[in-house]
Amino acid sequence: MPKTIQLAILASGNGTNAQQIAEYFVDRTDVNVNVIIYNKKDAYVARRAEALGIESHYFNRRDFFETDNVLLFLRERQIDYLILAGFLLLVPENLLKAFPDRIINIHPALLPKYGGKGMYGHNVHEAVVANHETETGITIHIVDQHYDRGTTLFQARCGVAPTDTADDIAAKIHLLEKAWFPKVIDAFVLNKPMPKQE
C-alpha cells in the first residue's frame with residue numbers, strides 16, 4: 001500500500017477554501033487532510049473543521065516566528081505538504097526549509113499583478129476595479145520567502161465587466177477557487193499533469 005499523503009491546511013479566516021479542499025479529499029485513501037491550523041483565535045475556519053470532523057489547532061504569531069512549535073507539531077503528524085488557504089502571515093523560514101517546494105498558496109489575481117504585502121481578499125478586487133481591468137483570475141503557486149513570488153503552477157481567468165464591483169469580482173473568483181484549487185492540489189501532490197482551464 002503506498003503511503004497516504006498528509007496535508008495540513010493553514011488558514012486565517014472564514015475557511016471556505018479549506019472546507020472545499022477537505023470535502024474534495026474526504027473519501028480518498030491516497031491524500032488526506034490531516035489537520036487545519038489557524039492563526040486568529042476567533043477564525044471561523046475552526047468551526048468548519050469541527051463540522052468536517054478534522055482536527056484544528058490554533059497557533060499565535062509567536063508560535064510561528066519565535067519558536068519551532070508549529071514545525072514540531074507538523075513533524076509529529078508526518079505532514080507532507082502545507083496548503084495555504086487564506087493564510088495571511090508570511091511563511092516563516094523554518095517551515096520553508098522543512099517543506100521546500102511543498103507549500104502552495106492561492107492568490108485572487110493573475111500574478112504578478114496585484115501581489116505583495118497587503119494584497120489579499122477585497123483589497124485585490126478593489127484594485128482590479130480601480131484600474132479598469134478587463135480580466136482577472138486566480139494564481140496557484142509554490143510559496144517562497146516573498147509574498148506571492150514563488151513559481152506559478154496554475155492560473156484561471158475570468159472577465160471583468162465595466163459595471164463589476166469588488167463584490168461581483170469576489171463572487172467570480174470564489175467560483176474559480178472552488179473549481180480549481182482542490183484539483184490543482186491533487187495534481188501537484190500526486191505529480192500528475194496540471195488541469196487546464198477550458
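The values are calculated or read from the model by the stated rules, or taken from the named source; none is laboratory data. All of these numbers come straight from a predicted model, not from anything done at the bench. With ideal geometry, Cβ positions are generated from the backbone for all residues, glycine too; neighbour counts draw on all protein chains shown.
Tell me yes or no: at least one residue of the stretch 73-91 is assigned by TED's automatic domain parsing to the domain that holds residue 156, of a type in the set (Val, Ile, Thr) and modelled with pLDDT of 95 or more. Checked against the condition, which is being assigned by TED's automatic domain parsing to the domain that holds residue 156, of a type in the set (Val, Ile, Thr) and modelled with pLDDT of 95 or more, the stretch 73-91 yields no hits at all.
If I filter the stretch 92-108 for residues that are of a type in the set (Phe, Trp, Tyr) and in contact with a strand residue (DSSP E or B) (Cβ under 8 Å, 6 or more places away or on another chain), do I get at least one hit? Scanning the stretch 92-108 turns up at least one residue that is of a type in the set (Phe, Trp, Tyr) and in contact with a strand residue (DSSP E or B) (Cβ under 8 Å, 6 or more places away or on another chain).
Residues of the stretch 80-112 that are under 19 Å from residue 181 (Cα atoms) and more than 16 Å from the chain's Cα centre (by Cα): 112 alone. Please determine whether any residue of the stretch 137-148 is at pLDDT 95 or above, surrounded by 15 or more Cβ atoms within 10 Å (Cβ to Cβ) and farther than 24 Å from residue 93 by Cα. Checking the stretch 137-148: at least one residue is at pLDDT 95 or above, surrounded by 15 or more Cβ atoms within 10 Å (Cβ to Cβ) and farther than 24 Å from residue 93 by Cα.
Results for (1) outside any helix (DSSP H, G or I); (2) surrounded by fewer than 17 Cβ atoms within 10 Å (Cβ to Cβ), shown as yes or no for each residue.
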residue: 150; (1), (2): yes, no
residue: 162; (1), (2): yes, yes
residue: 167; (1), (2): no, yes
residue: 171; (1), (2): no, yes
residue: 176; (1), (2): no, no
residue: 181; (1), (2): no, no
residue: 185; (1), (2): no, no
residue: 192; (1), (2): yes, yes
residue: 197; (1), (2): yes, yes
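When the residues of the stretch 1-37 are filtered to those that are more than 19 Å from residue 185 (Cα to Cα) and of a type outside the set (Gly, Ala, Ser), the one that is surrounded by the most Cβ atoms within 10 Å (Cβ to Cβ) is 14. Across the stretch 58-115, the qualifying residues are those that are of a type in the set (Gly, Ala, Ser) and touching a helix residue (DSSP H, G or I) at 6+ places or on another chain (Cβ under 7 Å), and the one among them that is farthest from residue 135 (Cα to Cα) is 98.
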